[in-house]
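Worksheet: the structure to be examined is printed underneath.
The values are calculated or read from the model by the stated rules, or taken from the named source; none is laboratory data. Every value quoted in this text rests on a predicted model; they were computed, and no experiment measured them. Reconstructed Cβ throughout: ideal geometry from the backbone, glycine too, with neighbour counts over all protein chains shown. With ligands, DNA and RNA removed, areas are computed over all heavy atoms of the protein, side chains included. Shrake-Rupley method; radii C 1.70, N 1.55, O 1.52, S 1.80 Å.
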Amino acid sequence: MSPTPKAPVPSHAVSPQIGRIARLLHLDPSEVTGLDGVPDADLRTLHDQISKRLFGDAQRQFARVAALSKTIPGPLAGVLAEKFLPPVMAARVSEMLDPAKARDLIGRVSVTYLAEIALALDPVRSKPVVQKLPPEPIGKVAKELFGRQEYAAMAEFVGTVTTDALMAAFEVATPHDLLAVVPLLEWNDNLDVVVADLPHHKVTQIATSLTPVELADLAMALDPSRMGPIVAAVPAEVVAGIAKALFERGEYAGMARFVGVVTPEMLHAAFEVATPHDLLAVVPLLEWNDNLDHVIEELPEGQVEAIAAELDPGEMADLAVGLDPSRMGPILRVVPPATVAEVARVLFARKQVAEMVKFVDVIDDIPDEVVDALLGEIAEGEDWDSAQQAFEEVGPEAQARLFSRFDGLAPAHQARIRAAADAGELGPAATALLTGKP
Amino acid sequence: MTAKDELTKALGAAPPEAVATLPAATLTRLAEQIDAAKARQDADLEKSVKVAIDGVPFAVRGIVRKALLG
């Protein structure tokens, strides 16, 4: 049985680098085709080459206009620029302004004009000037650009502006703005600082304004280690909705990344909406921690029974292999012995004896009839090399527990094991235990 | 002229290796897109210069003209 087909994973965005190139060429990103496999570093080089090609010829012209700004009084320069210098040209000039002059001029022109200039700026060439600008006007420009949904253009500047300016931009962003822009960002240290320092009211706004499906989108766009403050603010009852959306899309790897940053309550909520096939897919991807132990321990019996009922023996075997045996106790108590025996049979057929025998470490949790079935499978399989190797690896108590059921084996199985011991095919531990048997 | 040559001409420099080895159709299309953007950019700048020179007050028109046209 294979997992139910899932809804397609939404594609968040075109690569930021291709988006930058499209912007430079005044094209829609969908028109820049065929570059998907090109490494980001080469796309950056290509972007800079195109930028140089487009604007390089007029560099001296722009430099002269920038120099002109020094000879015209600030108030007049601001008025003249806004009235007669189109944004595309102003952008090129801005990149060559003396930073002090830029600080002066930014307060003398309208936010609308600044926003137009920002859209035409080259994020790399403008960096020395932009970094000297105060955060307040940048926040105002960001608000204007968010209002116009110029997310791709804004994302280009994440490496250009200072941390303070980034914070100012995040402050004015609505949760839906962030949802749109975050997937486009090329992450850097400044963003880490900004996300870590987001004010409580902003974090709460994000966590409570977005729907579970939107939060799921945001979660998949962010590195979990960066989601910490936002995750903590998400109401537990919303987590089930987020998990459901992600399970439906089959975002198992993306979900598994969050195991280390969510609370036990959130894990509970997520596990409770998981189907057996979801668990089958996600469990092998989990990096185990104490929270997961608690969740497994407290899984409702009905859910474990549903797992046992819905998964076929092959899938159960996959799940067993994906789980650490020491954590299987709560599940083993509920799974019917016949199912465990079937799983054991599957593992033997796959020659995964070592995987199977390691479960004797939780031997106390395994009913006698299951141990009987396990021994029977070992005898039936006659894969003595694997059995010997696995048996020697388990602890003495588990070895003793396993052989304590030897007498209950079918005579034919007992005979096979004894024959293997006589032929020297069992390891020393098993042979020693067998010697004590009448 | 090969597609790679077309792109090199449009860029004014040799493209990065990973770009240069893309299919010819991709390179040709990219070269055409760059040429079109360059033509539009030049036209925009020319228009901007004219607007600026014609529009600024007479008193500063001289220095603006000198700045823009050299």
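Among the conditions (1) crowded, with 18+ Cβ neighbours inside 10 Å; (2) farther than 20 Å from A:Ala243 by Cβ; (3) of a type in the set (Val, Ile, Thr), the only one that A:Ile206 does not satisfy is (2). Within segment A:279-302, the set of residues being open to solvent by 40 Å² or more (accessible area, probe 1.4 Å) and either under 17 Å from A:Lys244 (Cα atoms) or among the acidic types (Asp, Glu) (or both) comprises A:Glu287, A:Asp290, A:Glu297, A:Glu298, A:Glu301. Selection of segment A:167-187 for residues being open to solvent by less than 40 Å² (accessible area, probe 1.4 Å) and either under 24 Å from A:Pro137 (Cβ atoms) or basic (Lys, Arg) (or both) yields A:Ala168, A:Ala169, A:Phe170, A:Ala173, A:Pro175, A:Asp177, A:Leu178, A:Ala180, A:Val181, A:Val182, A:Leu184, A:Leu185.
In summary, no helices (runs of 4 or more DSSP H) completely within segment A:373-438 bear 3 or more residues that are at pLDDT 80 or above, small (Gly, Ala, Ser) and open to solvent by less than 30 Å² (accessible area, probe 1.4 Å). Answer with yes or no whether A:Ala142 is within 13 Å of A:Ala118 (Cβ to Cβ) and open to solvent by less than 40 Å² (accessible area, probe 1.4 Å). Yes: the conditions hold for A:Ala142. A:Gly228 - would you say it is under 20 Å from A:Thr275 (Cα atoms), surrounded by fewer than 20 Cβ atoms within 10 Å (Cβ to Cβ), without any contact (Cβ under 8 Å) to a residue 40 or more places away in the chain and not hydroxyl-bearing (Ser, Thr, Tyr)? When the stated conditions are applied, A:Gly228 does not pass them. Can you tell me which residue in segment A:19-46 is most open to solvent (accessible area, probe 1.4 Å), limited to those that are of a type in the set (Asp, Glu) and within 9 Å of chain B (Cβ to nearest Cβ)? It comes out as A:Glu31.
Where helices (runs of 4 or more DSSP H) fall wholly inside segment A:181-279, the ranges with 1 or more residues that are of a type in the set (Lys, Arg) are A:200-209, A:224-233, A:236-249. Hey, among B:Lys9, B:Lys50, B:Lys38, which residue is among the basic types (Lys, Arg) and over 19 Å from A:Arg92 (Cα atoms)? Of B:Lys9, B:Lys50, B:Lys38, the one residue that is among the basic types (Lys, Arg) and over 19 Å from A:Arg92 (Cα atoms) is B:Lys9. Here the helices (runs of 4 or more DSSP H) wholly within segment B:2-70 that include at least 1 residues being more than 7 Å from every other protein chain (Cβ to nearest Cβ), farther than 30 Å from A:Ala81 by Cβ and modelled with pLDDT of 80 or more are B:3-11, B:17-20, B:24-55. Which of the residues belonging to segment A:114-125 are modelled with pLDDT of 90 or more and open to solvent by less than 10 Å² (accessible area, probe 1.4 Å)? Of everything in segment A:114-125, just one residue is modelled with pLDDT of 90 or more and open to solvent by less than 10 Å² (accessible area, probe 1.4 Å), namely A:Ala115. Scanning segment A:233-244 turns up no residue that is modelled with pLDDT under 90, out of contact with any strand residue (DSSP E or B) (no Cβ under 8 Å at 6 or more places or on another chain), closer than 18 Å to A:Asp290 by Cβ and buried (at least 18 other Cβ atoms within 10 Å of the Cβ). The set of residues in segment A:53-93 that are surrounded by 14 or more Cβ atoms within 10 Å (Cβ to Cβ) and either basic (Lys, Arg) or touching a Ser or Thr at 6+ places or on another chain (Cβ under 6 Å) (or both) comprises A:Arg53, A:Arg64, A:Ala77, A:Lys83, A:Pro86, A:Met89, A:Arg92.
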